[in-house]
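Please read the structure below before turning to the comments.
The values are calculated or read from the model by the stated rules, or taken from the named source; none is laboratory data. Quick caveat: nothing in here was measured; it's all calculated off a predicted structure. Cβ placement follows ideal geometry from the backbone for every residue including glycine, while neighbour counts extend to all protein chains displayed. What goes into the accessible areas is simple: the full protein's heavy atoms, side chains included, and nothing from ligands, DNA or RNA. Shrake-Rupley method; radii C 1.70, N 1.55, O 1.52, S 1.80 Å.
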Amino acid sequence: VADGPLKGRRVVVTSGPTQEPIDPVRYIANRSSGAQGTAIAAALAGLGAEVVFVTGPADVAPPGGVTVVPVESAREMLAAVEAALPADAAVFAAAVADWRVAEQSGAKIKKQPGGAPPALQFVENPDILAAIARRSAGRPALVVGFAAETDDVIAHATAKRARKGCDWIVANDVSPATGIMGGAENEVTLITADGAETWPRMGKPEVARRLAARIAEALG
Ligand code: C5P
């Protein structure tokens, strides 16, 4: 563990997509490279934090110097986060699938020649961020969520902060024209109780370092 302002602090970070199985060979998932969450975990560790990195199947390798907890589904991710508590802060950068298939098939669903495609039923997944932010006991002092929006970024993210009960929201515009999703750069607005603060466009590692520095400041 590195020396730094977060020495002695424990931070849980979620990252990457979740995969929700349909049958043994198929799943539904969100698009997520895991790049921003990985960079945040690395930056927090760089400031001395003990980081538990709960990650779905991401494209980028997890950083060194953190405890990696690999998961697949949203329910596994929630259980892993709960098991990692207590923590001083939690950062929810994962792109969690909102729904899972109601009844996962134990056998591969067969294509019926000339038959109808399967009618999949979905149920809602737990909202991990909201579940942790709204805990009465053992809530991390600082709970940070993300909001990927395509329009009215600040308004939607401010509403999301209130709805989820978290302290901060890191909001970004993921419209295809921005090239942010899967790209190397990010342009974010940090939404706190004090309002919205838009940072200039910068590399994802730089966003991560700035956010980690703010977290260190907030934890004091
Ligand atoms: O509601 P929405 O998915 O836009 O919220 C995004 C934020 O909530 C992110 O921080 C994401 O990691 C978190 N989230 C979660 N569990 C879910 C859905 C979203 O932790 N099931």
Worksheet item: Is it the case that residue 78 is touching a Phe, Trp or Tyr at 6+ places or on another chain (Cβ under 7 Å) and within 30 Å of residue 210 (Cβ to Cβ)?
Response: no
Item to complete: Identify the residue in region 124-161 that is open to solvent by 70 Å² or more (accessible area, probe 1.4 Å) and not in a loop (DSSP other than H, G, I, E, B) and, among all such residues, is farthest from the ligand (Cβ to nearest atom).
Response: 154
Discussion item. For the condition more than 22 Å from residue 54 (Cβ to Cβ), in contact with a strand residue (DSSP E or B) (Cβ under 6 Å, 6 or more places away or on another chain) and either part of a strand (DSSP E or B) or among the hydrophobic types (A, V, I, L, M, F, W, C) (or both), what is the one hit in 169, 191?
Written reply: 191
Fill in: Only one of 142, 129 that is more than 26 Å from residue 20 (Cβ to Cβ) and in contact (Cβ under 8 Å) with a residue 24 or more places away in the chain
142
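Condition check ((1) of a type in the set (Ser, Thr, Tyr); (2) away from the ligand (no atom under 12 Å from the Cβ); (3) out of contact with any strand residue (DSSP E or B) (no Cβ under 9 Å at 6 or more places or on another chain)) across all residues:
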site: 86; (1), (2), (3): no, yes, no
site: 92; (1), (2), (3): no, no, no
site: 96; (1), (2), (3): no, no, no
site: 109; (1), (2), (3): no, yes, no
site: 113; (1), (2), (3): no, yes, yes
site: 122; (1), (2), (3): no, yes, no
Worksheet item: Within region 36-44, can one find any residue that is within 11 Å of the ligand (Cβ to nearest atom), under 20 Å from residue 123 (Cα atoms) and of a type outside the set (D, E, K, R)?
Response: no
Discussion item. Checking the structure you have, find out if any residue of region 167-185 is in contact with a Gly (Cβ under 8 Å, 6 or more places away or on another chain), at pLDDT below 95 and surrounded by 13 or more Cβ atoms within 10 Å (Cβ to Cβ).
Written reply: yes
Worksheet entry | Residues of region 1-27 satisfying the condition of being open to solvent by 50 Å² or more (accessible area, probe 1.4 Å) and either aliphatic (A, V, I, L, M) or in contact (Cβ under 8 Å) with a residue 60 or more places away in the chain (or both) | 1, 5, 9, 10, 24, 25, 26
Discussion item. Can you tell me how many residues within region 94-143 are in contact with a Phe, Trp or Tyr (Cβ under 9 Å, 6 or more places away or on another chain) and among the polar types (S, T, N, Q)?
Written reply: 1
